[in-house]
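Everything below concerns the one structure shown next.
Just so it is clear, none of the values below were taken in a lab; they were calculated from the coordinates. Being a predicted model, the structure only gives us computed values, none of them experimental. As a convention, Cβ positions derive from the backbone with ideal geometry for all residues, glycine included, and neighbour counts pool all protein chains shown.
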Amino acid sequence: MTNSLIYRALLVLALSVGFGIAHAQETRYVSDKIYVPIRSGAGADYRILHKGLPSGTAITFYQLSEDDVWAEVETRGGTRGWVRAQYLQADTPATLLVADLEDRLRESEGDRARLMKSLDQSSSKASGSAAEASKLEQDLAQAQQELAEVRRVSSAAIELDRQNSELTSELENLRSEASLLRLENVRLNERVENNQIIDGAIAVLLGVLLAIFGPRLIPRRRRDDGWA
């Protein structure tokens with residue numbers, strides 16, 4: 001708390017220089033470590049409206065009395081009356097400033113703690129992200145290997161399909177040729193059968209012709225009747 005004590009000392013030194021009293025409406029503060037009562041009039045004999053405002057209470061200042069001893073003020077709660085002007089100051093009390101600085105310091109320390117925690121979490125997330133990135137790189141390398149294998153197998157499959165298509169085409173051609181050969185064979189068989197029929201008919205015809213004309217073509221022998 002060394003910095004806090006230094007701030008407190010500097011503020012007290014600055015506030016000890018003095019304060020001016022203005023006639024316009026403005027905010028004033030009850031000075032440090034006292035309780036200031038509010039009276040109904042500008043004098044010690046007037047009725048007390050408020051038993052005492054603690055040090056550092058912010059009030060609204062309206063005007064000074066003719067002797068500049070009393071000041072007309074109003075609290076934030078709506079109580080309006082008179083207090084001794086010597087207990088008012090225009091500047092923020094050192095206790096409030098120190099308390100505000102301490103609050104800011106605590107907030108800064110809290111922010112720092114939150115930032116450090118966030119940094120630790122970010123570091124943990126970064127470590128986790130690095131591990132995930134490494135895992136993703138391994139998965140990517142494995143996927144690339146699998147893709148290369150698939151491409152190789154696909155290329156082989158494409159080549160096999162091409163060869164199969166060629167063999168299928170050749171088989172179809174062979175089947176067509178075999179069909180043509182069978183058809184030609186049938187035609188040849190039909191020709192042979194037709195030729196055999198014709199040959200048989202010719203043979204039969206020749207036989208008939210020989211049967212008819214053969215005897216006539218053979219010369220007859222003369223009979224020896226003994227009358228020679």
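Points worth noting:
- Once the Cβ-Cβ distance of GLU190 and SER165 is raised to the sixth power relative to R0 = 35 Å, the FRET efficiency obtained is 0.40.
- Ordering of 79-88, 183-192 by packing is 79-88, 183-192, highest average first (other Cβ atoms within 10 Å, averaged per residue).
- Anisotropy class of the stretch 20-90 from Cα gyration tensor, a/c 1.5 cut: rounded
- Applying a DSSP loop filter and a limit of 15 other Cβ atoms within 10 Å to the GluC sites (Glu not before Pro) in the stretch 64-105 leaves GLU66.
- Check: the stretch 20-90 dipole with +1 on Lys, Arg Cβ and -1 on Asp, Glu Cβ, in debye: 360 debye
- Extension gain from ASN173 to LEU136, taking 0.36 nm per residue of separation minus the Cα-Cα distance: 8.0 nm
- Each residue, ALA58 and VAL153, gets one label point 7 Å from its Cα in the Cβ direction; the gap between the two is 7.7 nm.
- Potential extension, LEU205-LEU183 segment - 0.36 nm per residue separation minus Cα distance: 4.7 nm
- Which of PHE61, HIS50, ALA90, positive extreme of dipole for the stretch 20-90 (C-beta unit charges): HIS50
- Computed FRET value (nearest 0.05) for HIS50 with GLU109, which takes r as the C-beta separation and R₀ as 41 Å: 0.65
- With both labels modelled 7 Å from their Cα along Cα-to-Cβ, the LEU119 to ARG84 distance reads 5.3 nm.
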